[in-house]
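The values are calculated or read from the model by the stated rules, or taken from the named source; none is laboratory data. On a predicted model such as this, the values are computed, not experimentally measured, just so you know. With ideal geometry, Cβ positions are generated from the backbone for all residues, glycine too; neighbour counts draw on all protein chains shown.
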Amino acid sequence: MKFFDNLPAMDLMRSEKMTFVQLIIPFESAHRAISYLGELGLLQFRDLNDDKSPFQRTFVNQVKRCGEMSRKLRFFKDQINKAGLLPTTRPTLQPNIDLEELEIQLSEHESELIEMNTNGEKLRQAYNELLEFKMVLQKAGGFLVSAQSHTVAQDRELEETVYLNNHHIERTSLLEQEMQPGPSNQAGLRFISGIICKSKILRFERMLFRATRGNMFFNQAPAEEYVTDPVLAEKVEKTVFVVFFSGEQARTKILKICDAFGANCYPVPEDITTQRQITREVLSRLSELEATLDAGIHHRNKALTSILSHLKKWTVMVRKEKAVYDTLNMLNFDVTKKCLVGEGWCPIFAKHQIQEVLRRATIDSNSQVGIIFHIMDAVESPPTYFKTNKFTHAFQEIVDAYGVARYQEANPSVYTVITYPFLFAVMFGDWGHGICLLLGALILIARERRLGSQKLGSFMELAVGGRYVVLLMALFSIYCGLIYNEFFSVPFRMFGETAYKCRDPSCSDARTTGLIKYRDTYPFGVDPSWRGSRSELPFLNSLKMKMSILFGVAQMNLGILLSYFNARFFRSSLDIRYQFVPQMIFFNSLFGYLALLIVIKWCTGSQADLYHVMIYMFLSPTDDLGDNQLLWAQRPLQILLLLLAVIAVPWMLFPKPLILRKIHLERFQGRTYGLLGTSEMDLDVEPDSARQRHEEFNFSEVLVHQMIHAIEFVLGAVSNTASYLRLWALSLAHSELSTVFYEKVLLLAWGFDNILIRLAGLAVFAFATAFILLMMETLSAFLHALRLHWVEFMNKFYYADGYKFRPFSFSSLADEDD
Amino acid sequence: MGFLITSLIFIVAGVIGALLARICCNRGPSGNLFHLTLVITTTVCCWMMWAIVYLAQMNPLIVPILSEG
């Protein structure tokens, strides 16, 4: 045992030692100190103003200003996205600007941008109106001209409407010969011309017809160009119309209906020369407006580009400032109102770094008073901090997903790094699939830098984050695949000759009695002769079930052993004597014995029935074993093991609570006065850190807790061991799926001579392998290996009631946002 | 016989792995202990897997019975 004491502390095994610190910062250097600490990222601040609302805190104005600035920055980003600009050149290096200057610049830019936008809107609207006017002039002018060219005067009410086509103007003008010429010459016969959306034209016409009781004549023509509708911001088809009517009442009605349908009315002169003149004017103004619009857009884009080059830097700066002010809000003013007091956790190894940083902050802010940094005791448990690199980070995340380790308890991820991919591989074992996984993992690792800077969907992010897990899973899968002798379910004879041959040269009874083992065992893995034989499944099932039990017993023993090391570290001999020892005895006298029997049965080739042995060990331990005898003196041994297991159960249940109760009574029997003394503490010195520990011992609670723990262990021993049989189940499923796809898809398709059928078979095989075996089975085996770790392994020793160390760090801000 | 020899091969491979880890990534005593733990765990897992499959085939109770065709 001294050997373990002399070993250095292992890297990831227990949390870094943390210490509780207090900072007293003079006001002038506060902002700088906090931002330097943010750069360092090794101090977790405690919120001393927890009970205050956000509006009661000291620096609420600054936080509001930062919020305003980030709103403006988001507005710029929005505008840039809408304009479709991309960052082209590298951002120009500019001297660092102050926060106030940035604020002023941002508001200037914002007002400029808003002004440009409104101007652009107005211009665009005017442009649209002119465009519509031009179209109305063109089409309606056509109607009026043809109407005037005929001198037949007839006063007739037209009851049918005419549908104009671009190419059939002549036909309608023949019909219009009935109409009166020069409609405005006649008293009362006037017209209204305008433009309306094509989708509404039918209803519009019907409405007009009903409103004027048929006393109107309606002409329409589709406009040739598309107009951008300002409301919908998309191009719609419009139709030009002309309504001829008589009477003032009709006019008001028609105008109201035009309004309701959103039709824009434009006055068209009847005189053709005036028309032509106005058309020319409109065209010239249109081209002017186009030029102005273009210039406006160009100007705006230039402004946006100049903003874009600085946008990232500004965003980062504003985010940092907001974080600094949020942290400053966590600090308290001291009595003199000249200093800020902060408390927090930091790792012990970082103490010097932090002191260095604080010294630099004092110098940089030209403060007369230094920052005080000293270590305090804390009542609550420290946060847990593991220093991980990019390789161990993913495994630590997997363990943390179950629960963050208690401060300084053993970290299961030390072993999980290897056992997790290994148990995955036991369920996935196929070296062909393993090679595919390996390729995928290597691609992810090769592009890790590029993928790390991009923004990915949540699934890809998981895949990239777990690339080293996948790498290990692939390597172990290749190893297990070689052992199971499966390459896309095809066995290979790589490691020498098979150990089986026919009993006689004619192989007459190979299909009835089977082959015979004539040589030494196949040196590495499953003998290739088993594949395709009728007794393959019984053999493999027996092998894999026993293998699962052996792995289960091994991993659970490791878990119980880790609980011993935990108890040793926390110097709790109570836990060692009354929890570890009985647990070890109970578990190994039953399931360790089973594992031993399995190994002996394999070594001796005995025909003993292990189910029978185990069950009758409990039911009738004194019976003679007969054929099932595997060891010498097996019967007395089994009786002894059974007795040990039975003793172990109350051993892990009763002594610990009784002894705890005794210790508690002893400690507080002569110390009642001492308790009174400690209650009169000076609470003014540190108002925010509680120092009193309320000692309470509830015997029934402790006893029930211990009982639950003991029952969980005893019953869990059986159920957890059986749970490891999922290793068998999943590897069987994988192997069977693989066989089916190979034999029933690929071989079947290859049997035909047709190249198309062969290609189709290959394609189906590839898709089925990729989606079902590589994706679904990977996820399935991933999940089950995870469950085995989280439940069966970790509930032997892992309390997981700690909390994670979250230092104030600018680099973690970049991950949080967006 | 083959069992013992191959187990020795596994042990030798583990030792070589540990030496390689020490040569390639020497990160101080705590880091080295962590790498050693990883190498030992890997060796034990791989050896167990191989040993189980080997032992199961040493004295088989059933033999392959070829299927029709």
Any chance you could count how many residues in region A:314-348 are surrounded by fewer than 19 Cβ atoms within 10 Å (Cβ to Cβ) and either at pLDDT below 85 or more than 30 Å from the chain's Cα centre (by Cα) (or both)? 9
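Would you mind stating whether residue A:239 is more than 22 Å from residue A:129 (Cα to Cα), buried (at least 19 other Cβ atoms within 10 Å of the Cβ) and among the hydroxyl-bearing types (Ser, Thr, Tyr)? Give the steps one after another, and end with the answer.
Values: more than 22 Å from residue A:129 (Cα to Cα): no; buried (at least 19 other Cβ atoms within 10 Å of the Cβ): yes; among the hydroxyl-bearing types (Ser, Thr, Tyr): yes.
In short, no.
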For region A:464-478, check the following and say yes or no: at least one residue is surrounded by 18 or more Cβ atoms within 10 Å (Cβ to Cβ) and aromatic (Phe, Trp, Tyr). yes
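Under the condition of being β-branched (Val, Ile, Thr) and in contact (Cβ under 8 Å) with a residue 60 or more places away in the chain, which residue from region A:407-428 is farthest from residue A:797 (Cα to Cα)? Give the steps one after another, and end with the answer.
From region A:407-428, those β-branched (Val, Ile, Thr) are A:414, A:416-419, A:426; that's our starting set.
Remaining after also requiring in contact (Cβ under 8 Å) with a residue 60 or more places away in the chain: A:414, A:416, A:419, A:426.
On the way: A:414: 14, A:416: 14, A:419: 16, A:426: 24 Å.
Looking at residues that are β-branched (Val, Ile, Thr) and in contact (Cβ under 8 Å) with a residue 60 or more places away in the chain, I get A:426.
With of a type in the set (A, V, I, L, M, F, W, C), surrounded by fewer than 18 Cβ atoms within 10 Å (Cβ to Cβ), part of a helix (DSSP H, G or I) and more than 12 Å from chain B (Cβ to nearest Cβ) as the only criterion, which of A:565, A:492 stands out? Working first, answer last.
Working: A:492 fails: part of a helix (DSSP H, G or I).
Testing whether each residue is of a type in the set (A, V, I, L, M, F, W, C), surrounded by fewer than 18 Cβ atoms within 10 Å (Cβ to Cβ), part of a helix (DSSP H, G or I) and more than 12 Å from chain B (Cβ to nearest Cβ) leaves just A:565.
Only helices (runs of 4 or more DSSP H) wholly contained in region A:413-472 count here; list those with 1 or more residues that are more than 22 Å from the chain's Cα centre (by Cα), under 24 Å from residue A:488 (Cα atoms) and of a type outside the set (Val, Ile, Thr). Talk me through it step by step, then tell me what you get.
Details: elements: A:413-428, A:431-446, A:448-453, A:458-465.
Ranges flagged: A:413-428, A:431-446.
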What are the pairs, 6+ residues apart or on separate chains, where a residue within region B:51-69 that is more than 7 Å from chain A (Cβ to nearest Cβ) has its Cβ under 6 Å from a residue that is in a loop (DSSP other than H, G, I, E, B) and aliphatic (A, V, I, L, M)? none
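Of the residues A:535, A:542, A:506, A:489, which single one is of a type in the set (Gly, Ala, Ser) and under 24 Å from residue A:434 (Cβ atoms)? Spell out the reasoning first.
Values: A:535 fails: under 24 Å from residue A:434 (Cβ atoms); A:542 fails: under 24 Å from residue A:434 (Cβ atoms); A:506 fails: under 24 Å from residue A:434 (Cβ atoms).
After ruling out the rest, the residue left standing is A:489.
Residue by residue, here is whether (1) in contact (Cβ under 8 Å) with a residue 24 or more places away in the chain; (2) of a type outside the set (Lys, Arg); (3) part of a helix (DSSP H, G or I); (4) farther than 30 Å from residue A:105 by Cα holds:
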| residue | (1), (2), (3), (4) |
| --- | --- |
| A:191 | yes, yes, no, yes |
| A:224 | yes, yes, no, yes |
| A:228 | yes, yes, no, yes |
| A:280 | no, no, yes, yes |
| A:286 | yes, yes, yes, yes |
| A:302 | no, no, yes, no |
| A:305 | yes, yes, yes, no |
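Confirm whether residue A:542 is under 46 Å from the mean Cα position of the chain (by Cα) and within 30 Å of residue A:799 (Cβ to Cβ). Explain how you work it out, then say what you get.
Values: under 46 Å from the mean Cα position of the chain (by Cα): yes; within 30 Å of residue A:799 (Cβ to Cβ): no.
Against the criterion (under 46 Å from the mean Cα position of the chain (by Cα) and within 30 Å of residue A:799 (Cβ to Cβ)), residue A:542 does not qualify.
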Let me spell it out: the conditions are (1) away from chain B (no Cβ under 14 Å); (2) farther than 17 Å from residue A:717 by Cα, and residue A:604 meets all of them except one. Which number is the exception? (1)
One residue is enough: does region A:512-534 have a residue meeting the conditions closer than 29 Å to residue A:745 by Cβ and away from chain B (no Cβ under 11 Å)? no
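For region B:50-69, check the following and say yes or no: at least one residue is assigned to a helix (DSSP H, G or I), surrounded by 13 or more Cβ atoms within 10 Å (Cβ to Cβ) and under 9 Å from the mean Cα position of the chain (by Cα).
The first filter runs over region B:50-69 and keeps only residues assigned to a helix (DSSP H, G or I), leaving B:50-58.
If we keep only those that are surrounded by 13 or more Cβ atoms within 10 Å (Cβ to Cβ) too, we end up with B:50-58.
Next, from what is left, pick out any that are under 9 Å from the mean Cα position of the chain (by Cα): B:50-51.
Yes, region B:50-69 contains at least one residue that is assigned to a helix (DSSP H, G or I), surrounded by 13 or more Cβ atoms within 10 Å (Cβ to Cβ) and under 9 Å from the mean Cα position of the chain (by Cα).
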When region A:367-380 is checked residue by residue, the ones that are assigned to a loop (DSSP other than H, G, I, E, B) and either basic (Lys, Arg) or more than 12 Å from residue A:30 (Cα to Cα) (or both) are A:368, A:377, A:378, A:379, A:380
Test set (1) part of a loop (DSSP other than H, G, I, E, B); (2) in contact (Cβ under 8 Å) with a residue 60 or more places away in the chain - residue A:545 fails condition number: (1)
Region B:1-44: number of residues that are within 12 Å of chain A (Cβ to nearest Cβ), hydrophobic (A, V, I, L, M, F, W, C) and under 22 Å from residue A:391 (Cα atoms): 8
Within region A:307-354, work out how many residues are touching a Phe, Trp or Tyr at 6+ places or on another chain (Cβ under 7 Å) and among the β-branched types (Val, Ile, Thr). 3
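Just to verify a result, which residue in region A:398-412, among those that are surrounded by fewer than 18 Cβ atoms within 10 Å (Cβ to Cβ) and in a helix (DSSP H, G or I), is nearest to the other protein chains (Cβ to nearest Cβ)? Can you show your working first?
First, pick out the residues of region A:398-412 that are surrounded by fewer than 18 Cβ atoms within 10 Å (Cβ to Cβ): A:400-403.
Then drop every residue that is not in a helix (DSSP H, G or I), which leaves A:400-402.
Numbers: A:400: 18, A:401: 21, A:402: 20 Å.
Here the residue is A:400.
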Out of everything in region B:11-41 that is surrounded by fewer than 17 Cβ atoms within 10 Å (Cβ to Cβ) and touching a residue at least 12 places away in the same chain (Cβ under 8 Å), what residue ends up being farthest from residue A:419 (Cα to Cα)? B:22
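Just checking, which of A:507, A:480 is outside any helix (DSSP H, G or I), among the hydrophobic types (A, V, I, L, M, F, W, C) and facing another protein chain (nearest Cβ under 9 Å)? Outline the logic, then answer.
Values: A:480 fails: outside any helix (DSSP H, G or I).
Step by step, each of A:507, A:480 is checked, and only A:507 is outside any helix (DSSP H, G or I), among the hydrophobic types (A, V, I, L, M, F, W, C) and facing another protein chain (nearest Cβ under 9 Å).
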